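These notes are about the structure you will find just below.
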Amino acid sequence: MVEPKSALNASRDRFLQITIPVGMLHCNCSIVGDLATGEALVIDPGDEVSRILELLGRHKLTVKAIVSTHAHIDHVGGLYKLRQYTGAPVMMHRDDVPLYQGMDVQAAFLGVATPETGEIDQLLTDGDVLQWGSLAAQVMHTPGHSPGSISLYVPRFVGEIASVTPPQLFAGDTLFAGSIGRTDLWGGSMDVIMDSLRSKLLQLPDETVVHPGHGPRTSIGEERHSNPFLIHK
């Protein structure tokens, strides 16, 4: 079993961020919690809900919201179960709802069983701000990998509290270490994803830590200067 990675420790370890790869395609599921209030956000619970629940219980965290960065099966396979166990609302961008409703098509494409699906409690739009504990994340609509792909940006300063770590970006499958999201699946577009990257993600500070939907962490600065898709030629 892969041990979870912890980061985003700030204000004397008040905040906790844990990422674990789940499921057949090793989707990165992230838990971002405020240890003082016990409130947490869960991003992309693609599978292995029992592991996610164990981590939440270990750190005494209550889930305030479950957010899907996009509705591909490897990122949403555990949405229904986690909602059933926690009662927390499920959120995604409206443009990916058709993908979520067509889970049987995605499952057939991969040759796997169709996971249970349920209601979407809140449809996210660009510029929305999600708040839990003393944390806040800005919703950035970053389509291209899918029509409704979003990224969540947690700035350095949240109200009166300053993090001891750089800003954080939960990029889903829009940006990876050394690569970008594929655009040959349902609703994907190379032109659109490049616009999302250049007009939104590359506008963030270089020190922003990027948590991709798969693979290791990186930073905006690292990708700006070394990612073959982003280097100006």
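What per residue convex hull volume, in Å³, comes out for segment 31-86 when only alpha-carbon positions are used? Write out the running numbers ahead of the final one.
Numbers: hull volume 3.4 nm³, N = 56.
Considering the Cα atoms of segment 31-86, their hull volume per residue is 60 Å³.
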| task | Provide the gained length on full extension for the span ASP206 to VAL105, in nm with one decimal, where the gain is 0.36 nm per separating residue minus the Cα-Cα distance. | result | 32.5 nm
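Just want to confirm a number: the relative contact order over the chain, from Cα pairs under 8 angstrom separated by 6+ residues, in percent. List each step's numbers first, then the result.
Values: 537 pairs, mean separation 33.6, N = 233.
Once normalised by length, the contact order is 14 percent.
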| remark: The local net charge around LEU25, scoring Lys/Arg +1 and Asp/Glu -1 for residues other than LEU25 whose Cβ lies under 15 Å from its Cβ, equals -4
| Choice from GLU39, GLU119, GLU54 showing the highest fluctuation, given a GNM over the chain with Cα pairs closer than 10 Å | GLU54
| field | Gaussian network model of the chain, springs between alpha carbon atoms under 10 Å - residue of GLY87, GLY38, GLY111 with greatest fluctuation | value | GLY111
| query | Once you list every other residue whose beta carbon is under 15 Å from the beta carbon of GLN122, what net charge do they have if Lys and Arg are +1 and Asp and Glu are -1? | reply | -3
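Which FRET efficiency value, to the nearest 0.05, do you get for HIS26 and THR114 by plugging their Cβ-Cβ distance into 1/(1 + (r/R0)^6) with R0 = 22 Å? Don't skip to the answer; put the middle values down first.
Working: r = 20 Å, r/R0 = 0.91.
Once the sixth-power term is evaluated, E becomes 0.65.
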| said: Among (1) 46, 40, 34; (2) 49, 37, 31; (3) 46, 44, 34, only one was calculated for this model; which label is it, if the read-out is Cα extents along the principal axes in Å? | reply: (3)
| query | Okay, helix-only estimate at 222 nm for the chain: each DSSP H run of n ≥ 4 adds -39500 (n - 2.57), divide by all residues, round to 500 deg cm²/dmol; what do you get? | reply | -6000 deg cm²/dmol
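Report the full-extension gain for the segment GLN122 to THR62: residue separation times 0.36 nm, less the Cα-Cα distance, to one decimal in nm. Mind dumping the intermediate values first?
Numbers: separation 60, 0.36 × 60 = 21.60 nm, distance 1.84 nm.
19.8 nm is the gain from fully extending GLN122 to THR62.
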| task | State the Cα centre-to-centre distance between segment 40-68 and segment 77-110 in whole Å. | result | 15 Å
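How big is the antiparallel share of DSSP beta bridges in the chain, given as a percent to the nearest 5? The partial results should precede the final answer.
Values: 33 of 47 bridges.
Bridges in the chain are about 70 percent antiparallel.
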| Where does each of SER199, SER219, SER68, SER50 land when they are ordered by accessible area, with a 1.4 Å probe and the largest first? | SER50, SER199, SER219, SER68
| message | With every protein chain left in place and a probe of 1.4 Å, what is the accessible surface of ARG51, to the nearest 10 Å²? | response | 40 Å²
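If the only charges are +1 at each Lys and Arg Cβ and -1 at each Asp and Glu Cβ, what is the size of the charge dipole of the chain around the Cα centre, to the nearest 20 debye?
In total the dipole reaches around 500 debye.
Of the listed peptides 223-231, 171-179, 19-27, what is their order by residue-averaged count of other C-beta atoms within 10 Å, with the highest listed first?
171-179, 19-27, 223-231
The values are calculated or read from the model by the stated rules, or taken from the named source; none is laboratory data. Please read all numbers here as calculations on a predicted model, not as lab measurements. All Cβ positions, glycine included, derive from the backbone under ideal geometry; neighbour counts span all protein chains shown. Accessible surface is based on the protein model in full, side chains and every heavy atom, while ligands, DNA and RNA are left aside. Shrake-Rupley method; radii C 1.70, N 1.55, O 1.52, S 1.80 Å.
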